[in-house]
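Asks: Have a look at this one before I ask anything.
The values are calculated or read from the model by the stated rules, or taken from the named source; none is laboratory data. No experiment lies behind these values; they were computed from the predicted model shown. In this analysis, Cβ positions are derived from the backbone assuming ideal geometry, glycine residues included, and neighbour counts consider all displayed protein chains.
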Amino acid sequence: MSWQLHPQLQADTILLQETEEDVLLLMNQREFPWVILVPKVEGARELIDLPTRAQASLWGRILDVSEYMKDTLTPTKLNVATLGNVVEQLHVHIIARYAGDAMWPKPVWGHEIKPYSAKEIEEIKAMWS
């Protein structure tokens, strides 16, 4: 069986980048700048399920994406997390948070989804290209 993106991630996100090693997805939630990194490793549920080289690659991508978001979006805080309680496929959330955002200082999980407009999606894709 080859690697496939979990159907829930497919439904909730927009593809921003794809490499041989991972995909970078935009969570379709306009209230929070929120991306998700998914390593292309079949059956990986936990970071420790990745081969050593894939762990290093994922960590490097997390740092690169986080630095880019910090520099371009200037958030109050970056939240980086792997949860997987609903979607068991290993994925890493990187969320730019701002003091005073709709859920500050609480977690963003379970909040009403307010999707991006088509124009906003195109602008965000251009930012990441």
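Asks: Looking only at residues in segment 84-103 that are free of Cβ contacts under 8 Å to residues at least 24 places away in the same chain and closer than 29 Å to Glu46 by Cα, which one is nearest to the chain's Cα centre (by Cα)? Talk me through it step by step, then tell me what you get.
Replies: Here is the first cut: in segment 84-103, the residues free of Cβ contacts under 8 Å to residues at least 24 places away in the same chain are 85, 98-100.
Keeping just the survivors that are closer than 29 Å to Glu46 by Cα gives 85, 98.
Working: Asn85: 15, Tyr98: 17 Å.
This residue is Asn85.
Asks: Sticking with this structure for a sec: For the subset of segment 19-56 comprising residues that are among the small types (Gly, Ala, Ser) and assigned to a loop (DSSP other than H, G, I, E, B), which member is nearest to the chain's Cα centre (by Cα)? Give the steps one after another, and end with the answer.
Replies: Filtering segment 19-56 down to residues among the small types (Gly, Ala, Ser) leaves 43-44, 54, 56.
Remaining after also requiring assigned to a loop (DSSP other than H, G, I, E, B): 43-44.
Values: Gly43: 18, Ala44: 16 Å.
Only one residue tops the list, namely Ala44.
Asks: Checking Ile124 against (1) closer than 16 Å to Asp12 by Cβ; (2) modelled with pLDDT of 95 or more; (3) assigned to a loop (DSSP other than H, G, I, E, B); (4) not charged (D, E, K, R), only one condition comes out false. Which one?
Replies: In the conditions (1) closer than 16 Å to Asp12 by Cβ; (2) modelled with pLDDT of 95 or more; (3) assigned to a loop (DSSP other than H, G, I, E, B); (4) not charged (D, E, K, R), Ile124 misses (3) alone.
Asks: Would you mind telling me which numbered condition in (1) over 18 Å from His6 (Cα atoms); (2) at pLDDT below 95; (3) of a type in the set (Gly, Ala, Ser); (4) out of contact with any Asp or Glu (no Cβ under 7 Å at 6 or more places or on another chain) Ala99 fails?
Replies: Going through (1) over 18 Å from His6 (Cα atoms); (2) at pLDDT below 95; (3) of a type in the set (Gly, Ala, Ser); (4) out of contact with any Asp or Glu (no Cβ under 7 Å at 6 or more places or on another chain) one by one, Ala99 breaks only (2).
Asks: Report, by residue number, each residue of segment 104-116 that is more than 19 Å from Ser66 (Cα to Cα) and in contact (Cβ under 8 Å) with a residue 40 or more places away in the chain.
Replies: Correct list: His111, Ile113, Lys114, Pro115, Tyr116.
Asks: Just to be sure I understand the filter: pairs with C-beta atoms under 6 Å, separated by 6 or more residues or on different chains, first member in segment 38-66 and closer than 19 Å to Gln8 by Cβ, second member surrounded by fewer than 16 Cβ atoms within 10 Å (Cβ to Cβ) and of a type in the set (A, V, I, L, M, F, W, C). Which pairs pass?
Replies: Here the result reads Lys40/Trp3; Glu42/Trp3, each pair linking segment 38-66 to a residue that is surrounded by fewer than 16 Cβ atoms within 10 Å (Cβ to Cβ) and of a type in the set (A, V, I, L, M, F, W, C).
Asks: Output the residue which, of all residues in segment 3-43 that are of a type in the set (A, V, I, L, M, F, W, C) and out of contact with any helix residue (DSSP H, G or I) (no Cβ under 8 Å at 6 or more places or on another chain), is nearest to Asn85 (Cα to Cα).
Replies: First, pick out the residues of segment 3-43 that are of a type in the set (A, V, I, L, M, F, W, C): 3, 5, 9, 11, 14-16, 23-27, 32, 34-38, 41.
Subsequent filtering for residues that are out of contact with any helix residue (DSSP H, G or I) (no Cβ under 8 Å at 6 or more places or on another chain) retains 3, 5, 9, 11, 15, 23, 32, 34.
Values: Trp3: 20, Leu5: 16, Leu9: 13, Ala11: 17, Leu15: 22, Val23: 20, Phe32: 20, Trp34: 18 Å.
So the residue we want is Leu9.
Asks: Right, here's the next one. Tell me which residues, restricted to segment 16-37, are touching a strand residue (DSSP E or B) at 6+ places or on another chain (Cβ under 7 Å) and of a type outside the set (A, V, I, L, M, F, W, C). Walk me through it before giving the result.
Replies: Step one: filter segment 16-37 for residues touching a strand residue (DSSP E or B) at 6+ places or on another chain (Cβ under 7 Å), giving 16-17, 21-28, 32-37.
Of everything in segment 16-37, those that are touching a strand residue (DSSP E or B) at 6+ places or on another chain (Cβ under 7 Å) and of a type outside the set (A, V, I, L, M, F, W, C) turn out to be Gln17, Glu21, Asp22, Asn28, Pro33.
Asks: What number of residues within segment 63-100 are outside any loop (DSSP other than H, G, I, E, B) and either surrounded by fewer than 16 Cβ atoms within 10 Å (Cβ to Cβ) or of a type outside the set (A, V, I, L, M, F, W, C) (or both)?
Replies: 15
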